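The values are calculated or read from the model by the stated rules, or taken from the named source; none is laboratory data. What you see is a predicted model; the values in this text were computed from it and never measured. Here Cβ is always computed from backbone atoms with ideal geometry, including for glycine, and neighbour counts include all displayed protein chains. Remember, those area values only see protein heavy atoms, side chains included, never the ligands or the DNA or RNA. Shrake-Rupley method; radii C 1.70, N 1.55, O 1.52, S 1.80 Å.
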Amino acid sequence: MWLAEAGFSAYTAHDVAGSGKKQEPGWCFSRYGQSETLLEDGRRVFIGGEHEDFYDPDFFIYNDVVVFEEDRVTEIFGYPTADFPPTDFHSATLVNDRIVIIGRLGYSEDRADDITPVFVLSLDDYSMSEMKTSGQQPAWMHKHSATLDEAGEAIICEGGVTTHAATGQVIENIGNWRLCLNSGEWSLVGEKSWSRWLLMRSDETPNELWELGQVSWATKSKIVDKYAREIQEKFAERGHVANVKLYDERYEPNVEVFNIEEDEDDFRSHVVQFGNSRIRFDEQYDSVLVTFERDEGAEAEGSLISHYTKVFGELEGVPYKAVKL
């Protein structure tokens, strides 16, 4: 309990405890994607969350519930993974004497493309149960928001990301989803009329945009970057040159007047604006999600997608394709 109250990282906790060589990830309360629910009596209920990323020796996704009264931990509940899987970046909605937990990121091997996990935490005894659901589901949704409707009969989920069932790609959730608490039935109650595409290598292997970014950064720095040099050599081995100029200009459209903005919170996201057009690009390790947030018309949209497909193919020196979502 002292570790939850102190908020130490797993590394710091291990160092303070002086417990010798580490054999497995250490427990800690320093987490991302953890939900906090404030109860009427002042208790705060924290659910799940993850510590660090997959490459860290202390990476772990938790499936516990930690209860605080004021600044003091009073109870910590653990569950068999069969009853409550490792859960992070979920939503937690207070409904009378229970908390409804919707969605999660979880470990990659536990994810599914066509379901949305829903669990219910009873505040009477802190027991955990899975809610059986039906209807059209928002798939593997996480990082979303959830709100109880005015009647207290349904939870509305919006935002965040989900999995596109046909391609298995993680994409932005542009729908508003309603979960009826009495029947467990999902329904889509609203969706933005945006057009979306995926730009990816024709063989669907991971792209090298991050590596090209490292080369671009190195050319603008006075520091000799050994890793960037290795990337350039790797490209040269297959007869391709890392074109920094093309990388820096990759999102320029085939029009004369435009503006490009980089998301301050995510360097992988860029917005292109020209005229009445607004196009958002979200780079992923195996694709680039292209979102037309305003109606371009079929001809204009097709021309822009053809342009960007060609640019990314030239940039990486491999054939690219565009997939309509």
Inset, instruction - Output the residue which, of all residues in the range 100-111 that are of a type outside the set (Lys, Arg) and buried (at least 22 other Cβ atoms within 10 Å of the Cβ), is farthest from residue 147 (Cα to Cα). - result: 106
Legend entry - Criterion: open to solvent by 80 Å² or more (accessible area, probe 1.4 Å), outside any loop (DSSP other than H, G, I, E, B) and either polar (S, T, N, Q) or closer than 16 Å to residue 314 by Cβ (or both) - qualifying residue of 234, 245: 245
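Residue by residue, here is whether (1) surrounded by 21 or more Cβ atoms within 10 Å (Cβ to Cβ); (2) assigned to a strand (DSSP E or B); (3) out of contact with any Lys or Arg (no Cβ under 6 Å at 6 or more places or on another chain) holds:
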{"residue": "25", "(1), (2), (3)": "no, no, yes"}
{"residue": "55", "(1), (2), (3)": "no, no, yes"}
{"residue": "58", "(1), (2), (3)": "no, no, yes"}
{"residue": "68", "(1), (2), (3)": "no, yes, no"}
{"residue": "75", "(1), (2), (3)": "no, yes, yes"}
{"residue": "87", "(1), (2), (3)": "yes, no, no"}
{"residue": "113", "(1), (2), (3)": "no, no, yes"}
{"residue": "120", "(1), (2), (3)": "no, yes, no"}
Legend entry - Single residue of the range 284-321 satisfying the filter (without any contact (Cβ under 8 Å) to a residue 24 or more places away in the chain and in a helix (DSSP H, G or I)) that is surrounded by the most Cβ atoms within 10 Å (Cβ to Cβ): 313
Legend entry - Those residues of the range 196-208 which are surrounded by 19 or more Cβ atoms within 10 Å (Cβ to Cβ) and farther than 14 Å from residue 167 by Cα, in sequence order: 207, 208
Legend entry - Extreme residue, most open to solvent (accessible area, probe 1.4 Å), among residues of the range 133-162 that are within 9 Å of residue 103 (Cβ to Cβ) and assigned to a loop (DSSP other than H, G, I, E, B): 143
Legend entry - The listed residue being assigned to a helix (DSSP H, G or I) and either within 25 Å of residue 144 (Cβ to Cβ) or acidic (Asp, Glu) (or both), out of 204, 211: 211
